[in-house]
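A.B. asks: Below is a structure I'd like to ask you about.
The values are calculated or read from the model by the stated rules, or taken from the named source; none is laboratory data. The shown structure was predicted, so the numbers you read here are calculated from the model rather than taken from an experiment. Neighbour counts are summed over all protein chains in view; Cβ atoms, including those assigned to glycine, are modelled from backbone coordinates with ideal geometry.
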Amino acid sequence: MINLERFLSNLRVRLEEHISPNMMRVIRPFMTVQFVIFMLLGIVNTAVSVGTATLLDILHNAFLAPDNPLRLIAEHSRSNFIFGYIVSIITSFFLNCHFTFHQRPTLKKFLKFPISYIPNFIFQYLMVFIFTALNLNSTLAYICAAILGTPLTFAAMKLMVFRRRKSTT
């Protein structure tokens, strides 16, 4: 099995030969095992979000009659997507506490956590807006926004939610 830490270390060394020190300072935090774990958990969180929304779609279609007002509200407000997104943020909080940042979940961190998604949401929304304004493929916009927004979310989480206090010893 490949030693991920060693692989990333070798990659950093090779990149340092070709990239300026200032650029390396920017990309170094994203060439860590911690960031790789964060990305893998992002895949899990996406599956939770999509799975929850899809399950709710199936339940709505199976149990609500076509003329039921609740069905219309669910279809028009996309409440299934919103609920799936909320469930995935809660799941993401606990997974990232445990696996990515190795910190105990607290109410304070839990309340700050969704705020760390705001810069990513704004960035992704602007990307989709620009792509669609230029009549480019919307699916490509979603993919680019997700890929480019991931480091932004990681940095926001690390700085806003899971910042380690320096001990004054």
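A.B. asks: Would the range 118-133 turn up any residue that is under 21 Å from I82 (Cα atoms) and small (G, A, S)?
C.D. replies: Of the residues in the range 118-133, the ones under 21 Å from I82 (Cα atoms) are 118-129.
The next check asks that each one be small (G, A, S); those that pass are none.
No, the range 118-133 has no match at all.
A.B. asks: Also, quick follow-up: Within the bounds of the range 112-120, is there any residue that is exposed (fewer than 13 other Cβ atoms within 10 Å of the Cβ), assigned to a helix (DSSP H, G or I), modelled with pLDDT of 80 or more and assigned by TED's automatic domain parsing to the domain that holds I147? Don't jump to the end; show me each part of the working.
C.D. replies: Let us first name the residues in the range 112-120 that are exposed (fewer than 13 other Cβ atoms within 10 Å of the Cβ), namely 115, 118.
Filter again for assigned to a helix (DSSP H, G or I), leaving 115, 118.
Remaining after also requiring modelled with pLDDT of 80 or more: 115, 118.
If we keep only those that are assigned by TED's automatic domain parsing to the domain that holds I147 too, we end up with 115, 118.
There is at least one residue in the range 112-120 that is exposed (fewer than 13 other Cβ atoms within 10 Å of the Cβ), assigned to a helix (DSSP H, G or I), modelled with pLDDT of 80 or more and assigned by TED's automatic domain parsing to the domain that holds I147.
A.B. asks: Right, something else. Which residue is surrounded by the most Cβ atoms within 10 Å (Cβ to Cβ), if the candidates are limited to the range 126-143 and must be modelled with pLDDT under 80 and touching a helix residue (DSSP H, G or I) at 6+ places or on another chain (Cβ under 8 Å)? Explain how you work it out, then say what you get.
C.D. replies: Let us first name the residues in the range 126-143 that are modelled with pLDDT under 80, namely 128, 132, 137-143.
Among the residues that remain, those that are also touching a helix residue (DSSP H, G or I) at 6+ places or on another chain (Cβ under 8 Å) are: 128, 132, 137-138, 140-142.
Numbers: V128: 16, T132: 12, N137: 11, S138: 11, L140: 11, A141: 18, Y142: 14.
By that ranking, first place goes to A141.
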